Amino acid sequence: MRDGPIGMFDSGFGGLTVARALIDLLPGEDLVYLGDTGRYPYGPRPLSEVAAFAHQITSELIERRGVKLVVVACNTATAAALGELQERFEVPIVGVIDPGVRAVAQATRSGHVGVIGTVGTIASGAYQSALADEAPSVELVAVPCPGFVEFVERGEFDTEQVHVLASALLAPAIEAKVDALLLGCTHYPYLARTLSDVMGRHVVLVSSADETTFEVRRLMIERGLLRSDQHGSRGAATFITTGDVNWFEELGRRLLGPELGRAEHHYWT
């Protein structure tokens with residue numbers, strides 16, 4: 001399995017932040033990315049429905065695409081299904097919640113942190129539980145941010161409208177005087193400038209993308225899954241969408257870079 005690709009999925013484009021970090025950190029590895037844009041956003045959906053999607057996509061990546069490891073590059077799907085996926089499938093499966101929690105716990109100086117995420121992620125309590133286990137002395141305010149994903153997937157990162165929305169939604173985190181804010185959705189790093197303007201430059205924004213990538217590399221070394229030739233040619237990246245291919249290619253290329261060339265369309269049967 002060492003020469004198989006790394007698989008990852010998200011409801012749409014947010015997971016491209018993790019894909020970008022993986023391509024940079026492990027350039028010799030092949031990558032298969034599935035963006036489930038035909039069914040986005042996951043945030044407002046019941047967690048049971050998101051879990052069913054996650055099982056379906058993971059099966060596709062492992063059984064048909066032959067991946068050696070799966071990254072659940074979606075906070076809502078991680079909250080809904082990570083434990084079940086790890087029990088069901090034999091390949092290593094990595095989520096984005098625990099690496100981000102470890103990073104924000106290390107970033108705070110005051111012991112007051114915030115996490116923002118989709119309605120589904122925050123309602124699941126996954127971040128609250130993970131931080132309580134990782135750093136029980138750290139106080140957390142968890143803030144749902146409906147609408148952010150839709151702005152990102154329309155390519156609107158710093159418009160007046162998204163700034164107004166962010167100012168309203170982030171008020172609880174500002175009132176709590178947090179000094180570190182965990183971006184609990186892989187879409188949110190694209191809004192970093194707006195979020196920093198609203199929160200203030202003294203607040204550290206923590207994205208789980210890099211930390212998740214470090215966790216992937218550690219796990220691959222531990223399991224002997226790194227490709228045998230890490231210093232040869234660059235790995236190939238395959239991108240799949242369940243929605244509109246032209247839109248996925250256009251916005252995805254703008255977010256990720258030139259590695260996103262053509263995208264395949266996948267139909268669920």
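The values are calculated or read from the model by the stated rules, or taken from the named source; none is laboratory data. Just so we're clear, the structure is a prediction, and the values are computed from it rather than from any experiment. Note that we place each Cβ from the backbone using ideal geometry, even for glycine, and neighbour counts take in every protein chain shown.
Screening Ala52 with (1) crowded, with 24+ Cβ neighbours inside 10 Å; (2) free of Cβ contacts under 8 Å to residues at least 40 places away in the same chain gives one miss only, at (1).
Hey, does the stretch 205-218 have a residue that's under 25 Å from Glu249 (Cα atoms), among the aromatic types (Phe, Trp, Tyr) and touching a residue at least 24 places away in the same chain (Cβ under 8 Å)? Before the answer, list the steps.
Filtering the stretch 205-218 for residues under 25 Å from Glu249 (Cα atoms) gives 207-210, 212-213.
From what's left, among the aromatic types (Phe, Trp, Tyr): none.
For the stretch 205-218, residues under 25 Å from Glu249 (Cα atoms), among the aromatic types (Phe, Trp, Tyr) and touching a residue at least 24 places away in the same chain (Cβ under 8 Å): absent.
Among residues of the stretch 176-197 being in contact (Cβ under 8 Å) with a residue 24 or more places away in the chain and surrounded by fewer than 21 Cβ atoms within 10 Å (Cβ to Cβ), the one that is farthest from Val141 (Cα to Cα) is Arg193. Residues in the stretch 147-199 that are of a type in the set (Gly, Ala, Ser) and modelled with pLDDT under 90: Gly155 only.
Of the set (1) closer than 21 Å to Met220 by Cα; (2) in contact (Cβ under 8 Å) with a residue 12 or more places away in the chain; (3) surrounded by fewer than 19 Cβ atoms within 10 Å (Cβ to Cβ), all apply to Glu90 but (2). Given the options Gly35, Gly95, Gly12, name the one that is under 14 Å from Phe239 (Cα atoms), modelled with pLDDT of 95 or more and in contact with a Ser or Thr (Cβ under 6 Å, 6 or more places away or on another chain). Matching residue, one of Gly35, Gly95, Gly12: Gly35.
Return the only residue of Ala135, Ala173, Ala107, Ala79 being closer than 21 Å to Pro46 by Cα, of a type in the set (A, V, I, L, M, F, W, C), surrounded by 15 or more Cβ atoms within 10 Å (Cβ to Cβ) and in contact (Cβ under 8 Å) with a residue 24 or more places away in the chain. Outline the logic, then answer.
Values: Ala135 fails: closer than 21 Å to Pro46 by Cα; Ala173 fails: closer than 21 Å to Pro46 by Cα; Ala107 fails: closer than 21 Å to Pro46 by Cα.
Within the list Ala135, Ala173, Ala107, Ala79, the selection yields Ala79.
Does Arg218 satisfy the condition of being in contact with a Phe, Trp or Tyr (Cβ under 8 Å, 6 or more places away or on another chain), surrounded by fewer than 14 Cβ atoms within 10 Å (Cβ to Cβ) and within 25 Å of Ile97 (Cβ to Cβ)? So Arg218 does not fit the description; no.
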